[in-house]
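Below is one structure, written out as structure tokens, with a few remarks after it.
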Amino acid sequence: MEFQSCFDIIGPIMVGPSSSHTAGVVSIGKFIHEWIGGCPEKADIVFYDSFAETYQGHGTDKALLGGLLGMDTDDSRIKHSLEWAKESGMQYEFDFEDSCIQFDHPNTTIVTAKRGGCTVKVGGASIGGGLSKIFMINDEMVDIRLSTDEDLAALVKQYHQELTINQK
Amino acid sequence: MEIQSMTELIEACQREQKTIGEIMLMMEAEKSGKDEETIIHMMEERLIKMKEAVDSGTADASAAPSGISGGDAVKMSNYISQGKALSGSYIGDAMTFSMATSESNARMGVIVATPTAGAAGILPGVLFSLHKNDGYAYKDLVMGLFTASMLGYVIANRSFISGAAGGCQAEVGSATAMAAGTIVELKGGTPAQAVNATALAMKSLLGLVCDPVAGLVEVPCIKRNVIGTSIAFSAADLSLAGVESRIPCDEVIEAMYRVGKEMPRTLKETALGGLATTETGKRVKDQLSCRKKNL
């Protein structure tokens with residue numbers, strides 16, 4: 001039984017147009033925002049496969065930048081997140097590739113984000129219905145499930161500790 | 001408590017002397033540990049977001065970023081307000097509100113996925129039409145959302161609800177089936193009649209493919225949401241009249257699953273078949289990708 005709650009059916013509350021190409025992507029961006037403790041000064045973003053093909057019509061770029069800026073899935077400012085990014089002095093660059101060798105899914109992105117002395121490289125995939133997955137942090141493979149109403153700050157804190165311990 | 005089929009659902013309603021919506025509420029409270037008041041409040045929050053999307057969509061004639069949708073909800077609203085709609089005010093209003101929601105979705109407005117963003121127009125369309133034409137209060141509509149989610153919960157766990165997994169029959173088909181059962185329950189029909197309406201609606205959309213032009217949730221998705229509301233009302237009327245689906249609802253859902261599994265990949269949201277690969281569909285895709293390259 002994959003669906004467990006009435007809110008898995010009625011929800012999430014989100015900006016359109018696609019739960020997989022928009023809502024799930026905001027969560028990936030927000031995860032990175034929490035990981036580096038705020039808006040990145042610079043973000044290099046690679047969109048793969050279906051994201052690279054249809055990002056413009058689905059606002060996948062806006063969704064990811066919105067998340068990096070700390071916005072939630074239902075934040076109506078996401079529509080204008082390119083302008084918001086400029087305003088907050090965030091530099092970003094998008095690249096487009098056919099398929100991702102690290103993770104086999106059509107809705108995949110890898111983001112390298114820098115803030116202060118901290119740089120992180122995160123791989124995320126949006127797996128449908130607003131759910132997404134972080135599959136890589138700094139070249140280490142992980143499996144972190146994100147839903148749109150997750151407490152991302154708490155989740156990040158937990159994995160931050162685990163990975164730091166592993167690296168020692 | 002756990003509900004795994006429509007048959008179990010009808011039995012639970014009889015045993016507990018509750019409506020489908022009340023069973024969902026009870027099950028959610030049991031599973032989540034939250035009290036019913038909190039859960040009702042959370043659902044109300046979703047209803048209010050739906051209403052905001054309906055209102056902003058009805059007043060907005062602007063195009064979506066792609067340029068291939070937008071402005072039709074305003075047209076529908078003007079037409080319906082003249083009182084000349086052939087399909088009457090229930091379906092007419094539902095079509096307008098559904099169009100408004102799905103156009104808002106295409107413009108990156110805030111919507112509620114019901115059960116997905118691509119099928120987000122149908123339930124709000126039907127519910128706010130009942131609100132306008134029959135005076136149903138918001139608290140009734142919130143209970144309607146519990147009915148809808150219970151029906152969707154069974155469909156989602158026995159089959160699928162996304163176009164990528166099972167074609168449009170799984171997405172607009174499921175949403176329409178949920179809406180049909182919800183109308184019946186709100187109109188005072190029995191749980192068995194609500195489930196029967198769900199079956200009738202789903203049967204009429206069985207086999208519907210997911211073939212979005214340029215891969216966007218716009219053409220034909222928006223208008224399929226709109227027409228889905230009229231199928232929901234028709235199925236509800238049939239069921240309230242006592243007309244029964246010859247195939248029981250659980251078997252219809254099972255058939256939807258099999259059809260979805262057999263459906264080729266080209267017709268499951270990949271934009272590699274159907275309307276997406278018509279002459280016009282391909283031209284739209286080329287135009288949009290030229291724009292991308294020129295950025």
How about the stretch B:87-121: which of its residues lose at least 50 Å² of accessible area in the presence of all protein chains relative to their chain isolated, using a 1.4 Å probe?
B:Met108, B:Val110, B:Ala113
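Can you list, largest first and rounded to whole Å, the semi-axes you get for chain B by taking the square root of 5 times each eigenvalue of its Cα gyration tensor?
Details: eigenvalues 187, 98, 63 Å².
Equivalent-ellipsoid dimensions as semi-axes: 31, 22, 18 Å.
Which shape class applies to the stretch A:45-143: rounded if a/c is under 1.5, otherwise prolate when a/b exceeds b/c and oblate if not, where a ≥ b ≥ c are the square roots of the Cα gyration tensor eigenvalues?
oblate
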Quick one: 3J(HN,Hα) in Hz for the stretch B:272-285, Karplus 6.51/-1.76/1.60 with θ = phi - 60°, rounded, Gly and Pro as x.
10, x, x, 4, 4, 10, 6, 3, 5, x, 5, 4, 4, 4
For the stretch A:110-168, compute Rh as the Kirkwood radius over C-alpha pairs and then the Stokes-Einstein diffusion coefficient at 20 °C and 1.002 mPa s; write the answer in µm²/s, rounded to an integer.
174 µm²/s
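Calculate the mean, over all residues of peptide A:48-58, of how many other protein chain Cβ atoms lie within 10 angstrom of the residue's Cβ. Kindly include the intermediate steps, with their values, before the conclusion.
On the way: counts 0, 0, 5, 0, 1, 6, 11, 1, 9, 17, 8.
Mean partner shielding for this stretch: 5.
How would chain A be classified by its alpha-carbon gyration tensor: rounded, prolate or oblate, with rounded meaning a/c under 1.5 and the a/b versus b/c comparison settling the rest?
On the way: a/c = 1.28, a/b = 1.09, b/c = 1.18.
Because its axes are fairly even, with a/c under 1.5, chain A counts as rounded.
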Work out the FRET efficiency for B:Glu30 and B:Arg158 from their Cβ-Cβ distance, taking R0 = 30 Å, and round it to the nearest 0.05.
0.90
On the accessible surface of the stretch A:15-168, probed at 1.4 Å, how many percent belong to carbon and sulfur atoms?
45 percent
Output ³J(HN,Hα) for the stretch B:245-252: one whole-Hz value per residue in order, computed from phi by the Karplus curve 6.51 cos²θ - 1.76 cosθ + 1.60 with θ = phi - 60°, and x for Gly and Pro.
5, 5, 9, x, 4, 4, 6, 5
As I understand it, the dipole of the protein assembly as shown uses +1 on the Cβ of Lys and Arg and -1 on the Cβ of Asp and Glu, about the Cα centre. Which of A:Gln4, B:Met108, A:Thr73 lies farthest toward its positive end?
B:Met108
Whole-angstrom Cα spans of the protein assembly as shown along principal axes, big to small:
69, 49, 40
SASA check, A:Glu93, accessible area w/ 1.4 Å probe, all protein chains in place, rounded to nearest 10 Å², comes out at 100 Å²
For chain B, the percent of accessible surface on carbon and sulfur atoms (probe 1.4 angstrom, ligands and nucleic acids excluded) is 54 percent
Residue with peak Gaussian network fluctuation, chain A [Cα springs, cutoff 10 Å], from A:Asp49, A:Asp151, A:Asp75:
A:Asp151
Determine how large the accessible area of B:Asp286 is when every protein chain is in place; take a 1.4 Å probe and give Å² rounded to the nearest 10.
90 Å²
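Could you sort A:Ile165, A:Ile134, B:Ile227 by their accessible area in this structure, using a 1.4 Å probe and putting the largest first?
Details: A:Ile165 120, A:Ile134 0, B:Ile227 95 Å².
Ranked list, largest accessible area first: A:Ile165, B:Ile227, A:Ile134.
Quick one: putting +1 on the C-beta of Lys and Arg, -1 on the C-beta of Asp and Glu, what dipole do you get for the stretch A:1-144 around its Cα centre, in Debye to the nearest 20?
Numbers: 10 positive and 21 negative charges, 93 e Å.
With Lys and Arg at +1 and Asp and Glu at -1, about 440 debye.
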How high is the relative contact order of chain A? Use alpha-carbon pairs under 8 Å, at least six apart in sequence, and give a whole percent.
28 percent
At a probe radius of 1.4 Å, what is the per-residue accessible area of A:Ile127, in Å² to the nearest 10?
80 Å²
What distance in nm lies between label points placed 7 Å from Cα along the C-beta direction at A:Glu162 and B:Leu272?
3.5 nm
What are the ³J(HN,Hα) couplings of the stretch B:142-148, residue after residue, when phi is run through the Karplus curve with 6.51, -1.76, 1.60 and θ = phi - 60°? Round to Hz, x for glycine and proline.
4, 5, x, 5, 5, 4, 4
For the stretch B:6-293, give the magnitude of the charge dipole about the Cα centre (Cβ charges: +1 Lys/Arg, -1 Asp/Glu; no others), in debye to the nearest 20.
1200 debye
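Compute for chains B and A the buried accessible surface, both sides summed, probe 1.4 Å, and express it in Å² to the nearest 100.
Numbers: alone 13280 and 8890 Å², together 19030 Å².
The buried area between B and A, both sides summed, comes to about 3100 Å².
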For the table B:Lys51/B:Lys75; A:Lys30/B:Lys223; B:Lys51/B:Lys285, the rows whose alpha-carbon distance is greater than 21 Å are A:Lys30/B:Lys223; B:Lys51/B:Lys285
With chain A treated as a Gaussian network of Cα nodes joined by springs under 10 Å, which of A:Ile36, A:Ile101, A:Ile144 yields the largest mean-square fluctuation?
A:Ile101
Helix B:72-81: inclination vs chain B longest Cα principal axis, degrees, rounded to 10, gives 60 degrees
With a ≥ b ≥ c taken as the square roots of the eigenvalues of the C-alpha gyration tensor of the stretch B:152-295, please select rounded if a/c is under 1.5 and otherwise prolate if a/b is larger than b/c or oblate if it is not?
prolate
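The values are calculated or read from the model by the stated rules, or taken from the named source; none is laboratory data. What you see is a predicted model; the values in this text were computed from it and never measured. Backbone-built Cβ (ideal geometry, glycine too); neighbour counts: all protein chains shown. Quick note on the areas: whole protein, heavy atoms, side chains included, nothing else; ligands and nucleic acids left out. Shrake-Rupley method; radii C 1.70, N 1.55, O 1.52, S 1.80 Å.
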